[in-house]
Amino acid sequence: MMKGSAYLFFIFLTLLLTNCSKDQLSNDEYEIINLLISEIRYPPPPPHPFLSELDKLSDAEYNRKIDSLIRKDSIEQLKIKLVIHFEDSLKGLSKNFKNMLYEENIGFEEFYLMDINEEYTHSKKIDMRKLQFPKNVVLWKPNKNEKANQIEKVTQYWISRILFNKEKNKAVVEFNSLSGPLSGGGSKVYLMKTDDKWKIILFFDSWVS
């Protein structure tokens, strides 16, 4: 009888550990999350007056003008504190996420045919201790005297579940931010792993408000 009980306990423990490891994020996922965190920038300055003339420029000239307007300084080079709220879970993907992966000629065609299985529609908890924020980024945490809606006073960031190809050397994820009712946006981010390190291949705007 004791042997049977011990065997059942062993099976139960094995299943429990298997489910726990399934719920944990992989090293690749944490590397990608921290890579996206390093891309956080202070909001760019107000649009320059000549922006109304941009529609007269060629695509190449347009891109150069826009790049010259975006503040390139990293957060760490600024002398201010940036208070943000960073969601502690990777958000579940919608079933039609693959239908939005239509960018061409970047070597990620295999993702266009990938089915979003049920598991990827659920959020996945992030261990915040494994995240590496710039020194002058302050994570906003409400105290017991603050109302939940006060989160609207800080910039919010959240990341979707990360899709990998079968070889685990390419990935697609959505990175989003919101600073107010009409000040936010999200980008699909395409990444590739080379020399055992993840690198961003392309940011592609997917929504804006």
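Bear in mind these aren't lab numbers, they're just calculated from the coordinates by the rules spelled out. Worth saying up front: this structure is predicted, and the values here are computed from it rather than measured. Positions of Cβ are generated from backbone atoms using ideal geometry, with glycine treated the same way; all protein chains shown enter the neighbour counts.
Label-to-label distance for Tyr30 and Asn96 is 3.6 nm, based on points extended 7 Å past Cα in the beta-carbon direction. Could you check the spin-label model distance between Leu139 and Asp205? Points 7 Å from the Cα along Cα→Cβ, value in nm. Distance between the two pseudo-spin positions: 3.0 nm. Counted residue by residue at 0.36 nm each, then reduced by the alpha carbon distance between them, the extension gain from Val83 to Asn169 reaches 27.6 nm.
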